[in-house]
Amino acid sequence: MAINVTIGGDFCIIPPHTSDNLITDEVEALFRSSDLNIVNLECPVIDFNNNNSKILKTGPHLATDINIISHLKKLNVKVVTLANNHILDFGEKGLATTLNSCRKENIKTAGAGEDLTEASKPAVMQVNGYKIAIVNFCENEWSIATSNRGGANPLDIINNLKQIKRARESADFVLVINHGGHEIYNLPSPRMVKENRFFAENGADAVIGHHPHCISGYEVHNNVPIFYSLGNMLFTKNTPYPGWNKGLVVQLKLEKNKPAEFELHPVIQSNNNFHLSLQQGEDKNKIIGEIENYSQIISDENKLLNQWNLFVESKSQTINMFSPLAVLPWKFPKVFNLLGFNRFLLKKRNLAIILNQIRCEAHRDTITTLIQNKLKS
């Protein structure tokens, strides 16, 4: 007997849109036809009247209110993944409110918890006699849990492999959901391909990615489907980025002792009112064609590397974050230090930017390649 699991990408409804009717009937029907539904809750649920606990970080602080739960219930979502770069934007208080809000509505959470031990536990669901484990982690930015602080389960190849193997021991199916990649870039880096294939070789029945806020391609490796980015499912934020409003919903068909089968359902949110609808007919075929093109590039190592280098070159200004003092004659940095000018370069904001570039795997991919290319030239 097969079961259907439907998985959507980044889901973030920002007030006042949480009170709007955003989900069309055909999207609701797609999710209602499935045995288990999962989306990535990309923002903490907070009480806007009683939370001023924004953390120090780079990038925007995102949050939603309790009304988002009604949208999750409408889609019959049973699990939300929380390992993402925004779940700790409003501190542990915001994380606690999120976990409690989901528990009250019998929505399971994966990928975040009150400490690292809790965050690293998979969500386990019993569906039609099968046990499904959802292992969820994210790249290392501002949201990561520690032994004494709540947050998200981090990308850590050794620990993630242990989590997958432990889940494999007792579950019939293991789904690996990985939040990472490069924003507004439709392809994975070579490092990401290597890692996701490794997960496919070591116990995952499917590997699903999101975070870039745009759709990407897929491949089947070791009989395991890998979807590199589902893009945004529903994200009520106006941006100039191309592809922001397009997303993918993947529907997996899981059957014991058989490779996972899948079907892709492109979705689009309106530019004006964020209404989410299924793409149909020629519009659907056009997006599927885009995905196949990305998939063809992913399957060709040289093409993928060429595209990666083009993307990195478009980010060439990133390297300017590092202090210019390093390229001046040696006496100038010494004078600057004696006069105390370095305090202007080492403000918390500057340090935070540099930390995020060297700690986060996707940012490090970019900055490392940039520096290597400049040294070669």
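Quick notes on this one:
- Checking every one of the GluC sites (Glu not before Pro) in the stretch 72-142 against DSSP loop status and a limit of 14 other Cβ atoms within 10 Å picks out GLU105.
- Compactness relative to 2.2 N^0.38 Å, alpha carbon Rg of the stretch 182-293: 1.10
- Taking the number of Cβ atoms within 10 Å of each Cβ as an exposure proxy, the fewest-first ranking of MET125, MET192 is MET125, MET192.
- Out-of-range pairs (alpha-carbon distance over 20 Å; input LYS74/LYS253; LYS57/LYS93; LYS162/LYS194; LYS108/LYS131): LYS74/LYS253
- Neighbour counts of C-beta atoms inside 10 Å place SER316, SER299, SER377 in the sequence SER377, SER316, SER299, starting with the fewest.
- Local charge for LYS74 was computed over the other residues whose Cβ lies under 14 Å away, with Lys and Arg +1 and Asp and Glu -1, and equals -2.
- GNM top mover of ASP300, ASP35, ASP115 - the chain, alpha-carbon springs below 10 Å: ASP300
- Amide H contacts for ILE23 (H built 1.01 Å from N in the peptide plane; partners 5 or more residues away or on another chain; cut-off under 5 Å): LEU276.
- Phi angles across the stretch 58-63 convert, under the Karplus curve 6.51 cos²θ - 1.76 cosθ + 1.60 with θ = phi - 60°, into 3J(HN,Hα) values of 9, x, x, 9, 10, 7 Hz, Gly and Pro given as x.
- Matching label, Cα extents along the principal axes in Å computed from the structure shown, candidates (1) 73, 52, 46; (2) 49, 46, 39; (3) 77, 52, 42: (1)
- Estimated vicinal HN-Hα couplings, Hz - the stretch 206-219 in sequence order (Karplus 6.51, -1.76, 1.60; Gly, Pro = x): 7, 10, 10, x, 7, 2, x, 6, 7, 7, 9, x, 9, 8
- Candidates ALA112, ALA352, ALA167: whichever shows maximal mean-square fluctuation once the chain is modelled as a Gaussian network with Cα springs under 10 Å: ALA352
- Built amide H within the under 5 Å cut-off of GLY8, gap 5+: ILE38, VAL39, ASN40
- Taking the chain as a Gaussian network of alpha-carbon nodes connected by springs under 10 Å, the highest mean-square fluctuation of the residues LEU264, LEU254, LEU351 belongs to LEU351.
- Anchor LYS73: aspartates and glutamates whose Cα lies under 19 Å away (excluding residues fewer than 8 positions away in-chain): ASP10, ASP20, ASP25, GLU26, GLU28, ASP35, GLU42, ASP65, GLU105
- Cα-based helix-to-principal-axis angle, 361-376 vs the chain, degrees rounded to 10: 40
- 5 angstrom amide H check on PHE235, placed H, neighbours 5+ away: CYS12
- Each stretch of four or more DSSP H residues adds -39500 (n - 2.57); spread over every residue of the chain, this sum gives -10500 deg cm²/dmol at 222 nm.
- Spin-label model, GLU301/SER170: points 7 Å from Cα along the beta carbon direction are separated by 3.9 nm.
- All lysines inside 17 Å of LYS237 as judged from Cα atoms, apart from same-chain residues fewer than 8 positions distant: LYS246
Laboratory data are not the source of any read-out in this text; all were calculated from the coordinates shown. Model, not experiment: these values are computed from the prediction. Heads up, the Cβs are rebuilt from the backbone with ideal geometry, glycines too, and the neighbour counts pull from every protein chain shown.
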